[in-house]
1. Tally the residues that are touching a residue at least 40 places away in the same chain (Cβ under 8 Å) and either assigned to a loop (DSSP other than H, G, I, E, B) or surrounded by 12 or more Cβ atoms within 10 Å (Cβ to Cβ) (or both), restricting the search to the stretch 248-261.
2. Testing TYR176 on (1) at pLDDT 85 or above; (2) farther than 30 Å from ALA247 by Cα, one condition comes back false. Which one is that?
3. Going through the stretch 179-216 one residue at a time, which ones are in contact (Cβ under 8 Å) with a residue 24 or more places away in the chain and small (Gly, Ala, Ser)?
4. Looking only at residues that are among the aliphatic types (A, V, I, L, M), out of contact with any helix residue (DSSP H, G or I) (no Cβ under 8 Å at 6 or more places or on another chain) and outside any helix (DSSP H, G or I) in the stretch 347-398, which one is modelled with the lowest pLDDT?
5. Of all residues in the stretch 360-385, which are surrounded by 13 or more Cβ atoms within 10 Å (Cβ to Cβ) and of a type in the set (S, T, N, Q)?
6. Read through the list (1) in contact with a helix residue (DSSP H, G or I) (Cβ under 8 Å, 6 or more places away or on another chain); (2) modelled with pLDDT of 80 or more, then give the number of the only condition that LEU419 fails.
7. Search the stretch 277-311 for residues being polar (S, T, N, Q) and either surrounded by 12 or more Cβ atoms within 10 Å (Cβ to Cβ) or closer than 21 Å to ARG251 by Cβ (or both), and hand back the single one that is nearest to the chain's Cα centre (by Cα).
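The values are calculated or read from the model by the stated rules, or taken from the named source; none is laboratory data. Predicted model, so just to flag it, every value in this text is computed and none were measured. No Cβ is skipped: glycine too gets one built from the backbone with ideal geometry, and neighbour counts run over all protein chains shown.
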Amino acid sequence: MSILQRIRVFLNLRPVLEDEQLVVAEITQGVSFRGANLWILIFAIFTASLGLNVNSTAVIIGAMLISPLMGPIIGMGLAVGINDPDLLRRAAKNYTLATLISVLTAMVYFLISPLGEAQSELLARTSPTIYDVLIAFFGGAAGIVALATRGGKSGNVLPGVAIATALMPPLCTAGYGLATGQLLYFFGAFYLFFINTVFIALATIIGVRLMRFTPHSFLTPERAKRARHMLTLIVIATALPALWMTADIVRSSITAANLRSFVKGELTQSGTQILSSDLDRGERTLRIVAVGRELSEQRQQEAAARLSDYGLSGYQLSVIQGVQSDSILALSSQLEQRLSVQEQQRQQLLQLTQEHALLTDRLEGYMRYEELSRQLQPELRALFPGVQRLALAPVAEPEGDSTLRYVLGLLSLEGTAELSAADRERLESWLRTRLGGDSLLLVERSTPRGRRTR
């Protein structure tokens, strides 16, 4: 047996393939989004949004593990792979529903969340690259192989695919973009989700065809050809923007590496520290800030002449050192001090605002009962002629580790008169109704001598 034949034996999937009807039935069942699947999706979106909000990678991974979003995506890939238009319609419908619910759920969360700042985990989902295309494709390939082979579903393959392809975080980031009105976040994140969808489905299509799943035969050759052309067009249109973004990132990385090599090779000398090095692409200028022993004019000219050796041709070298760099350091220090002072002032202002709000609430409480006493006076005299005046005030009475809070009502009665039990009960009921259910303690006071009853 030749080496190639041995390799083919090792790579052959036919002996371990699951029954085709069972695989198709399992994928078809996972397409549906009703009942439990829908609730699991909503809870997973909330969990992923929380993870993005607090920048917790562990929480995000947990949300990706419980998310059922892979179902309709693999279903669409299987439908195209076996030419099943009914399954494709069902999968596409449920995929659209799941996507819409996910984005709306994330938007609702970020609208009510008190944490509005975009964290690094969230920002990482706004700039897809060609690497995301490759991750989605190879992750989808691993997923369909795991689903179609005996024992594949029992291992860590499907959870790993869910984590690697990261379907949930882009949808949560898209919801964040809508909630905060930042459409660039929305479109960037949604494009990443669309990349994952297309290339997971593409890997599934290729996988089921390589594993020779039985295709449906009712598609005409013309419709099959048109479907292939449309699929090719979608794949190319999805990959091109990611390829362009990747090229820009690679160019930036190469330029940054060349800049570091230039600084290390041409401007490093004993006693000199390079504080910063920046490329201004608009003005085509390389700005260097150095402190310590100054770089000589000749050293600067020699370094500028070798910019092209480091892929930086067309840039002008500008070195800031000596008094200029000292001024920059001084300004930087002053700026840091001012920012620190501003932060302290902001904290003090926040504390004063909270204290002011607390005092205002207390004052409003006292003024409320004073005003209410005046409003109740005419009704009180008409209903209870023996009562001359009523004074109301909030009271806090310490009792052990707790505090009793209630409204104290001080009744001034004519002469030595006192309220009967029935009148007192009627008065208490009327006052509680007017006070809105507050706890009440009534104290009676006659004119000639004080008398206190419950």
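1. Residues that pass the stated criteria total 5.
2. Evaluating TYR176 over (1) at pLDDT 85 or above; (2) farther than 30 Å from ALA247 by Cα leaves (2) as the failure.
3. ALA179, GLY188, ALA189, ALA201, ALA203, GLY207
4. Across the stretch 347-398, the extreme among qualifying residues is ALA396.
5. Within the stretch 360-385, SER373, GLN377 meet the criteria.
6. (2)
7. Here the residue is SER277.
Matching residues to (1) touching a residue at least 40 places away in the same chain (Cβ under 8 Å); (2) basic (Lys, Arg); (3) touching a helix residue (DSSP H, G or I) at 6+ places or on another chain (Cβ under 7 Å):
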position	(1), (2), (3)
VAL263	no, no, no
ILE274	no, no, yes
ARG287	no, yes, no
GLU294	no, no, no
GLU297	no, no, no
GLN300	no, no, no
ALA304	no, no, no
